[in-house]
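Undergrad: Please see the structure below; I have some questions.
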Amino acid sequence: MVLAVTAYRIGEAAAVLGVSADTVRRWIDAGRLDAGRDPQGHRSIAGADLAAFARSLGDDAEPGSAHSSARNRLPGIVTAIARDTVMAQVDIQAGPFRLVSLMSREALDDLGLEVGSRATAVIKSTTVVVERTGRG
């Protein structure tokens, strides 16, 4: 059995990294990310190379992340807030991902969050469900 090596086109790599295709092209042109050519002549990035590059981007995490055991940090913008006297629901759009957090009203008030505020969703969980996505 021969296993195919996963390769990503520029647009696919951009989607995985949460950036534009132009950003991926600039990283390739600057020598930060290795790319070759597929049989059709399109730029192609080996899956292992893209994974290593993605990990290096994670190593450049925002300040403060080293002071927490949570490593899943998604910066975004607050898009909605629903509150009552005890609890609050805060919606954050982090790239293409919508995250919803339930917190106490007191915590919301202490953070001073409002629609349009910058916020980082910090996720720590003992269960992570992985789904395979891709071609075919």
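Undergrad: Tally Lys and Arg at +1 and Asp and Glu at -1 over the other residues with C-beta under 11 Å from the C-beta of LEU108: what net charge comes out? If you can, show how the numbers build up before the last one.
TA: Details: positive: ARG83, ARG105; negative: ASP84, GLU106, ASP109, ASP110, GLU114.
Net charge in that neighbourhood comes out at -3.
Undergrad: If you place +1 on the Cβ of every Lys and Arg, -1 on the Cβ of every Asp and Glu, and leave all else neutral, what size is the dipole of region 7-59 about its Cα centre, to the nearest 20 Debye? Can you show the working numbers first?
TA: On the way: 7 positive and 7 negative charges, 16 e Å.
Dipole size: approximately 80 debye.
Undergrad: Something else about it: About the Cα centre, and with charges only on the beta carbon of Lys, Arg (+1) and Asp, Glu (-1), how big is the dipole of region 68-123? Nearest 20 debye, please.
TA: Working: 6 positive and 6 negative charges, 64 e Å.
With only Lys, Arg, Asp and Glu charged at Cβ, the dipole is about 300 debye.
Undergrad: If you take every residue apart from GLY36 with its C-beta less than 10 Å away from the C-beta of GLY36, what net charge results, scoring Lys and Arg +1 and Asp and Glu -1? Display every interim value, and only then the final one.
TA: On the way: positive: ARG37, ARG43; negative: ASP34, ASP38, ASP49.
So the surrounding residues net to -1.
Undergrad: Going by how many other Cβ atoms sit within 10 Å of their own, how do ILE77, ILE92 line up, fewest first? Write down the numbers at each step before the final one.
TA: On the way: ILE77 13, ILE92 22.
Placing the least packed residue first, the sequence is ILE77, ILE92.
Undergrad: Going by how many other beta carbons lie within 10 Å of each one, how would you line up ARG98, ARG25, ARG132, fewest first? Show your work: numbers first, answer last.
TA: Working: ARG98 12, ARG25 16, ARG132 4.
Listed from fewest to most nearby Cβ atoms, that is ARG132, ARG98, ARG25.
Undergrad: Please order VAL115, VAL122 by the number of other Cβ within 10 Å, starting at the fewest.
TA: Details: VAL115 11, VAL122 14.
Fewest-to-most ranking of VAL115, VAL122: VAL115, VAL122.
All of the numbers you see were taken from the coordinates with simple rules; none came from a lab. This is a predicted model, so every value here is computed, not measured. Backbone-built Cβ (ideal geometry, glycine too); neighbour counts: all protein chains shown.
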